[in-house]
Amino acid sequence: MPTARELIDSSSIGRLQIRVILLCALAAMAEGYDILSISLAVLPITDDWGISGTESGLLFSAGLVGMAVGSIALGPVGDRYGRRPLLIGSLVVITVGMALSAVAGDVTQLALLRLLTGLGMGGIIPSLPVIVSEFSPTRKRPTFIAMFGTGIPLGGLLGGAAAAMLLNHYSWHSVFWLGAVLTGVIALVAYLSIPESPDYLESKGTESARTRLDELIRKMNLQPAATRAAAPAAAPSGAGTAALKSWAIVITCLVFFLVNSIYFFGNSWTPKLLTLAGLSQGEGISGALLFSLGGVIGNLIFAVLAIRFTAMWVACGFALGGSALFCFMSLISTQLGPVLVSTALLGVCLMATFTGLYVMVPVLFRPEARVSAMGIAAGLGRVGSIATPMVVGWLVDANWATSSIFMVFVIPAALAALGIGYAQVRNNRTVATAGDSDKILASA
């Protein structure tokens, strides 16, 4: 009898699946808002508390450290106990962390609460893309993951605009209260509307899981599933072939680290580097806005291209494009028109590559290892996002030219493209070998 994955892949996408994907995109907006919230709040906090630059850096880093630790530590929870409880529990932790941040009394308290909020973020980072991938037909998975990924920059854009309006009338506390209320509402909606994923239920193979899976398949309006054996079926081509302890986790972690490094470099340092190259502060800010706008457009372009082409090859191409743009920007960093266009294109390439990371894990890993793999890779990737701004700061302090700093990032972008391409080729060989083995067993 067909497995749940085969039923999903052979059927058109239904209303329940669309609802789940949209709600995951809504939850992703919480991540985008949280990353931006401290950036907006730190200026009035500085006025209120008179904090130093080092203390501001502590507030920035605390959340990122929490994300890294949470992704690595909580990923296995999603594989053992389910994607749904990890997602809902993480959203509750974020809500509590945001609410307590609004009443923090000093820098130490706020830093600890940013760490707590980051831990919650670390739980949703691996769970959301896996939920989206497991409710999507395999052929359309990259497109839906790209659409879900748009929630992150939109959360920063829309939530940031709302927070900026609040700061015109209220204190910095309102930034965190807004985040707590919005995330709390998302947690409630997720509890009521997001079921456990079909791939997870099928991978468990218990009687209870099979009963829940049959009920879920009925709600998804797929063909009724007959009683399945307790052991999960072999993974079909393209649905994940690697166990957690394999070449796949090594290359995935490396690519996550490299892509996080180049993305957060572009997102964090481009405006400052443009001003150091001789552009005005307003022109540097324009570069930041164009980078964010390019990110939204990049996700949409990725979604379209992934319908026709292999998603990981699309991500590989965007990474190569980012490498070329870093090289080009090193040559024209003082020319306003070309550099602003290049910054927007850089946002397109880097965000599309970043989205490609979410496609890698469901392609390379079986359901029982996906959240763990995503958590480990995302956690190590956050190390890149933490270390890169610091390294660039040291280079700036050492009087490196803007052109030289842009040129440095040509290398990690090219290596990321190489890693993604290698993973695709290696996975194709693994799938082919597994298929040959099945043929041999069937003829025996």
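With the structure loaded, tell me whether PHE302 is in contact with a Ser or Thr (Cβ under 9 Å, 6 or more places away or on another chain), more than 21 Å from ILE145 (Cα to Cα) and of a type outside the set (Val, Ile, Thr) or whether it fails that test.
When the stated conditions are applied, PHE302 does not pass them.
Residues that are part of a helix (DSSP H, G or I), outside the structural domain of ASN267 (by TED's automatic domain parsing) and more than 24 Å from VAL371 (Cα to Cα) do not occur anywhere in region 118-140.
The helices (runs of 4 or more DSSP H) located wholly in region 1-99 that include 3 or more residues which are within 21 Å of ASP199 (Cβ to Cβ) and within 18 Å of the chain's Cα centre (by Cα) occupy 15-49, 53-81. Restricting attention to region 66-88, the residues being closer than 22 Å to LEU113 by Cα and touching a Pro at 6+ places or on another chain (Cβ under 7 Å) number 2.
Can you tell me which residue among ILE88, ILE45 is touching a residue at least 40 places away in the same chain (Cβ under 8 Å), farther than 20 Å from MET29 by Cα and in contact with a Phe, Trp or Tyr (Cβ under 6 Å, 6 or more places away or on another chain)? Testing whether each residue is touching a residue at least 40 places away in the same chain (Cβ under 8 Å), farther than 20 Å from MET29 by Cα and in contact with a Phe, Trp or Tyr (Cβ under 6 Å, 6 or more places away or on another chain) leaves just ILE45. Which of the residues that make up region 180-229 are outside any helix (DSSP H, G or I), touching an Asp or Glu at 6+ places or on another chain (Cβ under 8 Å) and modelled with pLDDT of 90 or more? Answer for region 180-229, where residues must be outside any helix (DSSP H, G or I), touching an Asp or Glu at 6+ places or on another chain (Cβ under 8 Å) and modelled with pLDDT of 90 or more: just SER197.
Residue by residue, here is whether (1) of a type in the set (S, T, N, Q); (2) modelled with pLDDT of 85 or more; (3) closer than 30 Å to GLY120 by Cα; (4) not assigned by TED's automatic domain parsing to the domain that holds MET312 holds:
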{"position": "VAL339", "(1), (2), (3), (4)": "no, no, no, no"}
{"position": "LEU345", "(1), (2), (3), (4)": "no, yes, no, no"}
{"position": "THR353", "(1), (2), (3), (4)": "yes, yes, yes, no"}
{"position": "ARG366", "(1), (2), (3), (4)": "no, no, yes, no"}
{"position": "LEU380", "(1), (2), (3), (4)": "no, yes, yes, no"}
{"position": "SER385", "(1), (2), (3), (4)": "yes, no, yes, no"}
{"position": "VAL396", "(1), (2), (3), (4)": "no, no, no, no"}
{"position": "ALA414", "(1), (2), (3), (4)": "no, yes, no, no"}
{"position": "ASP436", "(1), (2), (3), (4)": "no, no, no, no"}
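Within 15 Å of ALA146 (Cα to Cα) and free of Cβ contacts under 8 Å to residues at least 24 places away in the same chain: which single residue out of PHE328, PHE318, PHE309, PHE354 fits that description?
PHE309
The values are calculated or read from the model by the stated rules, or taken from the named source; none is laboratory data. Worth saying up front: this structure is predicted, and the values here are computed from it rather than measured. Don't worry about glycine lacking a Cβ; one is built from the backbone with ideal geometry, like all the others, and counts go over all protein chains shown.
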